[in-house]
Amino acid sequence: MSPIARIALLWARQPGWLFLAVLLSLAALAAGVVLMGFSGHVLALAIVGGVLAVPVMLAWIGTARVALRYGERVVGHEAIFRALADLRVWMFRGMARSAAGGLGLRRSGDALARLVNDVDTLDGLFLRIFVPLLGAILLLPMLVWTLEREHGLALLVLVPFCFVAFWVPWRAARAAEENAAKAGLAMAGLRIAALDALHGLREVKIYAAEGRMLAEVQAREAQLLAAQRELTAEGTKLSAIAFIAAQGGILLAILLGFLGLPIGAVAAVLVLTAAFEAVLGLPRAGLLYGQARKAAARVVQAAEAGPPVPEPAVPAAMPSRNAITFEHVSFRYAADRPFVFENLSLQLPEGSRTAILGPSGAGKSTIASLILKLVQPVSGQIRFGGTDIAQLSAEALRHRIAYLGQTTHLFADTVRNNLLLGDPAADDAKLWAALEAVQMADVVAALPEGLDSWLGEGGATVSGGQGRRLALARTLLMNAPVILLDEPCAGLDAATEQEFFRVFNAATEGRTVLLILHRLTGAEYLDRIWRFTGGTLVAAAG
Amino acid sequence: MSRAPNPWIKAEQKSGFNAARLSLFLAGAGIACGVIQAGAAARLLAALLRVQPAGLTAWGSALVFVLAVLARAWLQIQAERRNFELGAAARRRLRGKVLSVLMALGPAGLRGRHSAELAATAVDRVEVMDGFHARWVPATGLAIIGPGLVGLVALLTDWRAGLILVIAGLFVPFAMAVAGIGAGIAAKKQFLAMTRLQVRFMDRIRGISTIVLAGRAEGEAKALAAAAKELRERTMRVLRMAFLSSTALDLAAAAALVLIVIRFAPVLRGAHELAPTALFLVLLVPEFFAPLRGFAAVYGDRMAVEAVAEEFQALPDDPPAVPPVHIRSVAAHGVTLAFEHVTFAWDETRPVLENLSFKVGRGEMLLLTGASGTGKSTIIDLILGFLAPQAGRISINGAMLEDLVPAARTRMLGWIGQKPVIFAGTIEENIRFANPAAGEDELQDAIRNAHLEELIASLPQGLKTPLGEGGFGVSGGQAQRIAIARAFLKDAPLLLLDEPTSHLDPAVEQDILESLKHLAAGRTVVLATHSSQAMDFAKTIGAKRIDLDALRYASWRGVVA
């Protein structure tokens, strides 16, 4: 099934609303066309001195059109809001089931943001593409009837009409699809260049590279603009062609009137004016469709990837102990990709504090993913409290292991709701105790609404270091015997990172700790340090 | 529109309309062509109805029709291309400004802010401004010009019908105002509601791994559905009212058409000369209302700006470049650095340095020791000019730091920190970052001196191996070597080393220190460290030492004034 069809299938959950929306929309369109045609007819009759039709009819059709348009808008939006909620909940559930590890730990926030943008793109699919297209199809018989009354040859006008309503949008869709990859690549390049300039600001200043970095960003921006300009040019050209075709059709209808029925011609011309006005937006819809197709493919793929590690049919009981051991574990992401590591063994005794250091990209985070059952070993075993984790349910296992990584997220919500994610049953005293442990109690108490202060966009802003400590408080609230940290301070300055670890040391005393880090800050309190290079663990001084 | 516009948006609006003049002229000319086209069509139709003689006039009208259509298509293309360029120019301008300001603020000015968040302003928030400049501004201008032009023509052609059209046009904003639900307010509410759902969804998707690992996925899915439902109900209450304003537009358009037909229908009989006029005015109705519809369609673009304006407004203007009192440059080789009674505090409760004085002669090394937070990095940042002291003098070869031309100061300073940043680009580009104009010999020397040859030889693409985002990941020691190669390539006389080995394990540290020794030769060096290996290394070179712990202790005891 094509991804677009898969998305359309989701709409089927709101059949009544969508059907009504389509119906009202088509009725409104028909009323508009009839209104124009009828006006023309009345005028033409009046001009040739024929019988004067009752203009009251006109007022009725006019009123009906206005009312129908209102109904179309209200029902259409009701329908689309429902469909939009369905799409988002479906997407969320699918991603939660399938790819928490793949998306949350490996992919950057950027890729996720793009997915969300993709979902937004799909919102336009129904009202802006599907409904107008149905309208164009509905117009066909109406045009046939009107044009035939004028003159048999007038049916020729259907050619430019179909050209505008179907062929041009199809071309636009193809152009947009071809452009989407180019524009996406340029956008990613721009983002990397801007991040480099700001992340590496110290180096940039010291090497007087402000001008060079700015030039680099501008070069990437120029690539993006070039891709967008190309698509705009194509879209503009197609719109102009559609406009010329439409007006050509109208002129043809007028000229054919000299051969046929003049009154019919006047009515036909006004009907065509309304009909072409209704379909002249379709080339733009075609552009949107081209982008939506790519978006739908990505969204469906992300939502339906399926669980990465199969759950055991009958999960074993959770062991009472919490030591973790890797026994000759080998892992690679796919059969055609090199091993991240082979035959890796590692012991994390209960209560020990271990760090694994290594360059980014070497695969240290894979160790965390394996422990959390986000991926499974190709060979070897990972034991938790002596039991192979393949036999344990992922959820039960994750209740024992609190994870805090660079992707651990603070939600745009209250401080309370952020903390409750760690322990939904916690009372105020427990929340304050956790905040106390990470030395954030004073900061939160000073916020205007204490625990109920809003964090993030439109709310209280905490500094990067404070944010990480809040995330740590949530992790502590999970009350898990094992704490797993993967680059918890990536992106923050060194002083803030050291501050974080000083708090961390005190707050996690007595638990089993595994730190996965790029490099040490010097503030960590550890029993053993491993260096992860070339797929093996080497003891480093500790 | 009854909201107090944010001054930043107001300024953008003004510059937007100024820039859009030509594009508005083109679009206005396009509408004029539309009027001419309607006139030609009316004449043709009149000829068709045998109330005007057919023949030559009819063919002439057909020709005018065709020319008007072609001209209009051309004008449309030109206007749309210009609109795109308006958006592109605005984005270029804003992005350049945002980045310049952020870079001018420097690492000290941006302390505690996440680089990804700042990059989002420079990239995504700037993109949002495209809709404002490329669509909203032209559509708004045209919503005034278009109906104005068409209404005027209608009035001049037949004042009664023209009046109907103009009154219908004025009814649109009037109806919105009387209903007390200005399109602005309603659309704003709708937009904000939509934005909130999008923000929530985006937020939950970004944090999806956090939710799953906390075992809260199903709860959040239900919460998301409930939020969407609540939002839909609230939004629809607003929208049912808001759509009345769009309905006012539909009503005005339909009423104008019907009234014009009614105005002409009775008088046409026996007054054939009125026929083309009547047809012309009927054809003008859609022309009159199209720009108003276009305006309604771009309201989202205008609203989106409200959401990002705050972020832009919060950016400081370019920090004023304080003109140096007496611009000086100093001899580039052999540098003496002096601190005289330097005091620095983050704020009143957090003093860092008090009355610090020291001097490092040319070619000497100063070792700064002390626990984290005692001010080692602060001293380095003061020398780099990222921070300014509250009191005291910092001088290089006797010239006050702030009196030096920034470019000259930068040229004298080399720096290696804890975690060098590796940029997206090849190894070669990362090293040349220090000096893009360096010759091949200099590059090879820097590579050799930093002991990078082995790494480069081991990589299949050698110097052209891509690093950084999506590229080859280098280890801490390798990254530090690249930083050392940069420092060699820059060849600055004053070298600042800020905990250069604190992230390395001892074996690698010893190796890096060897390279640093080589780099330090002949330069004035400030080394901040708490690593014992690095301290031993400094001693072998014969460095002076300032222990900031002892200093602080001394100042508490009143030993140092």
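Annotations
- Hey, A:I80 at pLDDT 80 or above and more than 40 Å from the chain's Cα centre (by Cα) or not: no
- Scanning the stretch B:71-86 for residues that are within 23 Å of the chain's Cα centre (by Cα) and facing another protein chain (nearest Cβ under 9 Å) gives B:R81, B:N83, B:F84, B:E85.
- Among the residues of the stretch B:502-512, the one identified as buried (at least 24 other Cβ atoms within 10 Å of the Cβ) and either farther than 16 Å from A:R531 by Cα or outside the structural domain of B:A543 (by TED's automatic domain parsing) (or both) is B:I512.
- Against the conditions (1) polar (S, T, N, Q); (2) under 30 Å from A:A278 (Cα atoms); (3) more than 10 Å from chain B (Cβ to nearest Cβ), A:Q223 satisfies every one except (2).
- Residue ID - nearest to the other protein chains (Cβ to nearest Cβ), chosen from residues in the stretch A:188-219 that are over 30 Å from B:I380 (Cβ atoms) and surrounded by fewer than 21 Cβ atoms within 10 Å (Cβ to Cβ): A:Q218
- Condition check for A:V33: more than 9 Å from chain B (Cβ to nearest Cβ) and farther than 30 Å from A:A85 by Cα: yes
- Verdict on B:A223 being hydrophobic (A, V, I, L, M, F, W, C) and either at pLDDT below 80 or closer than 20 Å to A:F81 by Cα (or both): yes
- Candidates A:T354, A:T273: the one that is of a type in the set (S, T, N, Q), part of a helix (DSSP H, G or I), buried (at least 17 other Cβ atoms within 10 Å of the Cβ) and more than 29 Å from the chain's Cα centre (by Cα) is A:T273.
- Residue in the stretch B:406-419 that is in a loop (DSSP other than H, G, I, E, B), within 13 Å of another protein chain (Cβ to nearest Cβ) and free of Cβ contacts under 8 Å to residues at least 24 places away in the same chain present: no
- Residue check, A:L231 at pLDDT 95 or above and closer than 30 Å to B:E85 by Cα: no
- Residues located in the stretch B:344-370, provided they are in a strand (DSSP E or B) and either within 36 Å of the chain's Cα centre (by Cα) or outside the structural domain of B:L497 (by TED's automatic domain parsing) (or both): B:F344, B:A345, B:P351, B:V352
- Residues within the stretch B:217-235 that are more than 7 Å from every other protein chain (Cβ to nearest Cβ) and among the aliphatic types (A, V, I, L, M), tallied: 4
- Residue list for the stretch B:388-430, restricted to those being more than 28 Å from the chain's Cα centre (by Cα) and either β-branched (V, I, T) or at positive phi (or both): B:G392, B:I394, B:I396, B:N397, B:G398, B:V405, B:I416, B:I427
- Scanning the stretch A:308-336 for residues that are closer than 26 Å to A:G94 by Cα and in the same structural domain as A:I401 (by TED's automatic domain parsing) turns up A:F331, A:R332, A:Y333, A:A334, A:A335.
- Matching residues, the stretch A:37-71, being under 42 Å from the mean Cα position of the chain (by Cα) and either crowded, with 23+ Cβ neighbours inside 10 Å or facing another protein chain (nearest Cβ under 9 Å) (or both): A:G62, A:T63, A:R65, A:V66, A:A67, A:R69, A:Y70
- For the stretch A:518-542, the set of residues classified as more than 9 Å from chain B (Cβ to nearest Cβ), part of a strand (DSSP E or B) and either closer than 13 Å to B:L504 by Cα or touching a helix residue (DSSP H, G or I) at 6+ places or on another chain (Cβ under 7 Å) (or both) consists of A:W530, A:F532, listed by residue number.
- Some residue of the stretch B:265-285 being of a type in the set (S, T, Y), over 35 Å from the mean Cα position of the chain (by Cα), in a helix (DSSP H, G or I) and facing chain A (nearest Cβ under 10 Å): no
- If you go through the stretch B:420-447 and keep only what is aliphatic (A, V, I, L, M) and touching a residue at least 40 places away in the same chain (Cβ under 8 Å), you end up with B:I422, B:A424, B:I427, B:I431, B:A434, B:A438, B:L443, B:A446.
- Qualifying position, being farther than 22 Å from B:G141 by Cα and modelled with pLDDT under 95, among B:A11, B:A54: B:A54
- Restricting the stretch B:124-164 to residues that are acidic (D, E) and assigned to a helix (DSSP H, G or I) leaves a set whose member that is surrounded by the fewest Cβ atoms within 10 Å (Cβ to Cβ) is B:D124.
- The stretch A:256-270, residues that are in a helix (DSSP H, G or I) and either under 15 Å from A:F166 (Cα atoms) or within 7 Å of another protein chain (Cβ to nearest Cβ) (or both): A:G257, A:P262, A:A265, A:V266, A:V269
- In the condition set (1) assigned to a loop (DSSP other than H, G, I, E, B); (2) in contact (Cβ under 8 Å) with a residue 60 or more places away in the chain, B:P460 is compliant with all but (2).
- Looking across B:L63, B:L44, one residue alone is crowded, with 21+ Cβ neighbours inside 10 Å and either assigned to a helix (DSSP H, G or I) or aromatic (F, W, Y) (or both). It is B:L44.
- B:R302 being in a loop (DSSP other than H, G, I, E, B) and at pLDDT 75 or above: no
- A count restricted to the stretch A:502-516 and to residues that are facing chain B (nearest Cβ under 9 Å) and under 35 Å from the mean Cα position of the chain (by Cα) stands at 0.
- Given (1) of a type outside the set (D, E); (2) at the interface with chain B (Cβ under 7 Å from one of its Cβ atoms); (3) over 16 Å from the mean Cα position of the chain (by Cα); (4) buried (at least 21 other Cβ atoms within 10 Å of the Cβ), index of the condition A:V74 fails: (4)
The values are calculated or read from the model by the stated rules, or taken from the named source; none is laboratory data. Source: prediction; values computed, not measured. Note that we place each Cβ from the backbone using ideal geometry, even for glycine, and neighbour counts take in every protein chain shown.
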